Amino acid sequence: MHDALLISETHDAATPFEGALQARRDFPNSSLIEGVGGTTHAGSLSGVECTDSAIVTYLKTGALPARKSGNRSDLQCPPVPAPSPEGLTASTTSRKASSSSGINSVADLHREFFKSMHR
């Protein structure tokens, strides 16, 4: 069975968190990242370093966050911040995906991912 990285936010109305927990149970080699208290439907590659770093690691190495016992998420991260009325430019451009990996933005992640696909 293949490994899978699952990402969900606690209060996503479009895809309830219980569904993410069910997917985790259905795929025993998976790992679930939870945006704790989050309400968004797209919690990945949104500038939350905790989540983005786990995604970068998974895409680069295939390594998942350690799976925890029980019916719960395996990695708890901050939620994606709600958008501000002024727009997203200041808040999203200042956050980093993963300074330790050499990937400092979603754009860097995209470049690294596509370079790896052509090696």
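Checking Ser46, Ser53, Ser31, Ser8 one by one, the residue that is in contact with a Phe, Trp or Tyr (Cβ under 7 Å, 6 or more places away or on another chain) and either closer than 14 Å to Asn71 by Cβ or of a type outside the set (A, V, I, L, M) (or both) is Ser8 and no other. Among the residues of the stretch 43-51, none qualifies, meaning not one is assigned to a loop (DSSP other than H, G, I, E, B), of a type outside the set (Ser, Thr, Tyr), surrounded by fewer than 20 Cβ atoms within 10 Å (Cβ to Cβ) and without any contact (Cβ under 8 Å) to a residue 12 or more places away in the chain. In the set (1) of a type outside the set (D, E, K, R); (2) under 17 Å from His2 (Cα atoms); (3) surrounded by 11 or more Cβ atoms within 10 Å (Cβ to Cβ), the condition left unmet by Val56 is number (2).
Considering only the stretch 71-81, I want to know if a residue exists there that is out of contact with any Phe, Trp or Tyr (no Cβ under 9 Å at 6 or more places or on another chain), at pLDDT below 95 and part of a helix (DSSP H, G or I). No.
The values are calculated or read from the model by the stated rules, or taken from the named source; none is laboratory data. All values derive from a computational prediction rather than experimental measurement. Glycine gets a Cβ as well: all are built from the backbone with ideal geometry, and neighbour counts include every protein chain shown.
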